[in-house]
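The values are calculated or read from the model by the stated rules, or taken from the named source; none is laboratory data. Predicted, not measured: the structure shown is a model, and the values here were computed from it. For neighbour counting, all protein chains shown are included, and Cβ atoms are generated from backbone atoms with ideal geometry for every residue, glycine included.
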Amino acid sequence: MDTAEKQPIPEQAQRRRLDGRRALVTGGASGIGRATAMRMAAEGAAVVVNYIGSAEPAQLVGELERDGGRALEVEADVSVEEQVVEMFRRARAELGGPVDLLVNNAGIEKPFPLTEMPLAEWRRVLDVNVTGAFLCAREAARSLIAEGTPGVIVNVSSVHEVIPWPRFSHYCASKGAMKLFGQTIARELAPHRIRVVMVAPGAIVTPINKELIGDPEKRRQVEEQIPWGRMGESEEVAAAIAWVAGPDAEYVTGSTIFVDGGMTLYPRFV
Ligand code: BGC
């Protein structure tokens with residue numbers, strides 16, 4: 001990305017559209033999750049950074065709190081019910097109210113052709129990407145409804161909620177599921193003034209893509225699939241999430257916002 005094009009935190013962030021909000025970002029220590037945690041904090045939210053098995057969060061929490069914000073790190077495997085329940089309990093206790101902005105961002109992928117897909121890999125991807133989103137959404141919704149507080153759930157899905165991707169059948173199944181799960185609960189939760197929105201990134205420069213980023217030929221091939229001509233940055237996805245989460249998006253629920261440089265426009269089609 002041209003540095004000239006890349007803005008650190010755009011002007012509207014200074015409006016602090018998320019003042020007073022309590023956010024929880026799963027997989028918040030790296031990539032899109034990390035950029036989202038930083039953006040939420042910059043816009044005034046208190047932020048819970050969920051992570052698993054990484055040393056990065058402590059430093060991130062320090063950064064988030066540097067400008068007077070409130071942040072905490074909570075290690076939890078989002079696919080394990082007791083850990084998720086405990087994470088939300090802690091978040092509520094330490095932030096003084098229910099999480100009203102959940103970003104279901106934790107996700108994993110590892111390619112296998114169908115015929116070589118181990119059941120354990122299939123299950124793990126579905127467990128983290130979909131069951132994790134379900135468990136976190138359920139905890140968030142339970143306390144929001146109990147307290148009559150409005151809120152927003154953002155499912156970070158993917159262009160692969162619509163684009164089939166050979167060798168990633170588990171991942172595509174998980175992202176398609178995340179979308180229809182999100183749409184269904186958007187209907188259930190609307191009467192409680194809880195919105196549910198999918199933000200679907202395309203090819204973004206993040207650790208999940210490190211193999212691709214390090215291989216110029218592979219990267220060129222991917223960039224050919226993007227009308228905008230380049231991979232995206234985590235901050236660009238975070239900006240969409242911040243908008244979706246804020247008051248300007250009051251009337252947006254159940255939809256998917258693609259942040260993909262046009263990848264879903266089938267650029268190779270004739
Ligand atoms: C995946 C990336 C991939 C991108 C576009 C994302 O959901 O995590 O690995 O590059 O979709 O295919």
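Please pick out the residue among G53, G68 that is small (G, A, S) and either within 26 Å of M178 (Cα to Cα) or modelled with pLDDT of 95 or more (or both).
Of G53, G68, the one residue that is small (G, A, S) and either within 26 Å of M178 (Cα to Cα) or modelled with pLDDT of 95 or more (or both) is G53.
Step by step: first the residues of the stretch 145-166, then only those that are of a type outside the set (D, E) and exposed (fewer than 15 other Cβ atoms within 10 Å of the Cβ), then the one that is nearest to the ligand (Cβ to nearest atom). Which residue is that?
Only one residue tops the list, namely W165.
Of a type in the set (A, V, I, L, M, F, W, C), under 25 Å from G44 (Cβ atoms) and modelled with pLDDT of 95 or more - does that describe any residue in the stretch 212-234?
no
Please work out which one of (1) on the phi > 0 side of the Ramachandran plot; (2) in contact with a Lys or Arg (Cβ under 7 Å, 6 or more places away or on another chain) is the condition G27 fails and give its number.
Failed condition: (2).
List pairs: first residue in the stretch 256-270 and on the phi > 0 side of the Ramachandran plot, second residue buried (at least 19 other Cβ atoms within 10 Å of the Cβ) and outside any loop (DSSP other than H, G, I, E, B) anywhere in the structure, Cβ distance under 8 angstrom, at least six positions apart or on different chains.
G261/G232
Going through R220, R195, R230 one at a time, which residue ends up being of a type in the set (K, R) and farther than 26 Å from R34 by Cβ?
Selected residue: R220, the only one of R220, R195, R230 that is of a type in the set (K, R) and farther than 26 Å from R34 by Cβ.
I'm checking my understanding of the structure. Among residues of the stretch 74-100 that are aliphatic (A, V, I, L, M) and part of a loop (DSSP other than H, G, I, E, B), which one is farthest from N129 (Cα to Cα)?
My answer is V99.
Within the stretch 209-254, which residues are touching a residue at least 12 places away in the same chain (Cβ under 8 Å), hydroxyl-bearing (S, T, Y) and surrounded by fewer than 18 Cβ atoms within 10 Å (Cβ to Cβ)?
none
Those residues that are more than 15 Å from the ligand (Cβ to nearest atom) and under 17 Å from E161 (Cα atoms), I need them from the stretch 254-270; list them, please.
Across the stretch 254-270, the qualifying residues are G254, S255.
Output the number of residues of the stretch 175-202 satisfying the condition of being within 11 Å of the ligand (Cβ to nearest atom) and more than 14 Å from V162 (Cα to Cα).
0
Can you list the helices (runs of 4 or more DSSP H) found entirely within the stretch 115-225 that contain at least 3 residues being of a type outside the set (D, E, K, R)?
By residue number, 119-126, 132-147, 169-189, 216-223.
From the list L114, L119, which one is surrounded by fewer than 22 Cβ atoms within 10 Å (Cβ to Cβ), of a type in the set (A, V, I, L, M), more than 25 Å from V205 (Cα to Cα) and in contact with a helix residue (DSSP H, G or I) (Cβ under 8 Å, 6 or more places away or on another chain)?
So the residue among L114, L119 that is surrounded by fewer than 22 Cβ atoms within 10 Å (Cβ to Cβ), of a type in the set (A, V, I, L, M), more than 25 Å from V205 (Cα to Cα) and in contact with a helix residue (DSSP H, G or I) (Cβ under 8 Å, 6 or more places away or on another chain) is L114.
Give the residues of the stretch 80-124 that are over 20 Å from I185 (Cα atoms) and of a type in the set (S, T, N, Q), sorted by residue number.
Hits for the stretch 80-124 are Q83, T115.
Look through V252, V237, V244 and report the one residue that is part of a loop (DSSP other than H, G, I, E, B), under 30 Å from D100 (Cβ atoms) and modelled with pLDDT of 95 or more.
V252
Counting only residues that are within 16 Å of the ligand (Cβ to nearest atom) and surrounded by fewer than 24 Cβ atoms within 10 Å (Cβ to Cβ), which one in the stretch 126-144 is farthest from A46 (Cα to Cα)?
Per the criteria, the residue is L126.
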